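The values are calculated or read from the model by the stated rules, or taken from the named source; none is laboratory data. Remember, it's a predicted structure, so these values are computed and weren't measured experimentally. In this analysis, Cβ positions are derived from the backbone assuming ideal geometry, glycine residues included, and neighbour counts consider all displayed protein chains.
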Amino acid sequence: MPEVDVIDETFLAVPPATVARAFTDPGAWRRFWPDLRLEVYADRGDEGLRWTVGGALVGTMEVWLEPVLDGTVLHYFLRADLPAGTATRRGRLTREKTRRQLAAKAVALDLKALLEDGRRPGCPPGN
């Protein structure tokens, strides 16, 4: 079982292709996860990406984009351990997991605000 196991889901009222474009630029990955080194091992197009993770954590990460109604559920998974040789006290692991959970939600909500561009609830895009 990984030391850091984070799962997040957020609905964005835009098509999966729009959300997928937000993850195509490796520069965006550095902004979203500045202390992680990511290498794509599965580019699933409009369904998302899967990465191996190095740096501050070692493991895997995935963004799965699921079409739902008139938008997308952004599923985020991070399953990783602290690098070998890192002291792993229970308190540190709890703080790290909480930090990663908050960071995942921040990425999703920032994308929601940017990509929905002021779309009012219950209204189609552009209204």
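Observations
- Extreme residue, farthest from Leu114 (Cα to Cα), among residues of the range 45-72 that are crowded, with 19+ Cβ neighbours inside 10 Å, among the β-branched types (Val, Ile, Thr) and free of Cβ contacts under 8 Å to residues at least 40 places away in the same chain: Val58
- Hits in the range 20-35 (condition: within 15 Å of Ala104 (Cα to Cα) and either touching a helix residue (DSSP H, G or I) at 6+ places or on another chain (Cβ under 8 Å) or assigned to a loop (DSSP other than H, G, I, E, B) (or both)): Ala22, Phe23, Phe32, Trp33, Pro34, Asp35
- Looking across the range 60-114, just one residue is among the hydroxyl-bearing types (Ser, Thr, Tyr), modelled with pLDDT of 95 or more and out of contact with any Asp or Glu (no Cβ under 7 Å at 6 or more places or on another chain), and that is Thr60.
To keep it simple, each residue is scored yes or no on (1) among the aliphatic types (A, V, I, L, M); (2) within 30 Å of Cys123 (Cβ to Cβ).
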site: Phe11; (1), (2): no, yes
site: Leu38; (1), (2): yes, no
site: Thr94; (1), (2): no, no
site: Asp110; (1), (2): no, yes
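- Taken together, the criteria exclude Pro2 from residues that are under 14 Å from the mean Cα position of the chain (by Cα), of a type outside the set (A, V, I, L, M) and on the phi < 0 side of the Ramachandran plot.
- The sole residue among Ala17, Ala42 that is part of a helix (DSSP H, G or I) and either hydroxyl-bearing (Ser, Thr, Tyr) or surrounded by fewer than 13 Cβ atoms within 10 Å (Cβ to Cβ) (or both) is Ala17.
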